[in-house]
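Chemist: Questions regarding the structure given below will be posed in turn.
Laboratory data are not the source of any read-out in this text; all were calculated from the coordinates shown. Computed from a predicted structure; not experimentally measured. Backbone-built Cβ (ideal geometry, glycine too); neighbour counts: all protein chains shown.
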Amino acid sequence: MMARVALAAVALLATACTSPVSTGDRKAEADACAQLALTAANSVSELAFARIERMKVMRFASEEAMKAYTDETERLQMEAIRLDNINVSLSKRYGMPGIELDPGLTEDPTDESAAAAIAAADACAAPLLT
């Protein structure tokens, strides 16, 4: 799933860089990017939720280890919110209907797939939001 998301982002960026951009093309690009940001937000949110559930049964070697785990989980929750905000910003800027964040729709995300999803969404959104 995340490989498809990353491939879609690369294809979208390649298309944007090689063809002249009309208003309709820009809106289609923004729509695809908003979907990508929403998928990334869902994936990251799902990973944060899974980490919270795992933490309920984990035993940590130290307070520092528990704090590091908690800090990373909170960072992921903030990333999910930020990615959802990208989706909302693109929807408003390009006059598209908003799409709701719906965790639980993604496959079991990993730290690596979440990082890839974040990077793909950021790369896609950067030229559209500047």
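Chemist: For ALA119 and LYS92, calculate 0.36 nm times their separation in residues minus their Cα-Cα distance, and state this gained length in nm to one decimal.
Modeler: 7.5 nm
Chemist: Separate question: At a 10 angstrom cut-off on C-beta neighbours, averaged per residue, how do the peptides 124-130, 78-84, 32-38 rank from highest to lowest?
Modeler: My ranking of the peptides, most packed first, is 32-38, 78-84, 124-130.
Chemist: What is the distance, in nm, between label points placed 7 Å from the Cα along the Cα-to-Cβ direction at ASN85 and at ALA50?
Modeler: Each label point is offset 7 Å from its Cα along the Cβ direction, giving 2.6 nm.
Chemist: Please give the length that would be gained between SER62 and ASP108 if that part of the chain were fully extended, namely 0.36 nm times their separation in residues minus their C-alpha to C-alpha distance (nm, one decimal).
Modeler: Full extension of this stretch gives 13.8 nm more.
Chemist: A further question follows. Among all the lysines, which ones have a C-alpha under 28 Å from LYS56's C-alpha, if same-chain residues fewer than 8 places away are not counted?
Modeler: Once the sequence-local lysines are set aside, what remains near LYS56 is LYS67.
Chemist: Relative to 2.2 N^0.38 Å, what does the C-alpha radius of gyration of the range 42-130 come to as a ratio? Two decimals please.
Modeler: Rg over 2.2 N^0.38 Å, computed on Cα atoms: 1.24.
Chemist: Identify all lysines with a Cα-Cα distance to LYS92 below 27 Å; exclude those on the same chain that are fewer than 8 residues away in sequence.
Modeler: Cross-link targets: LYS27.
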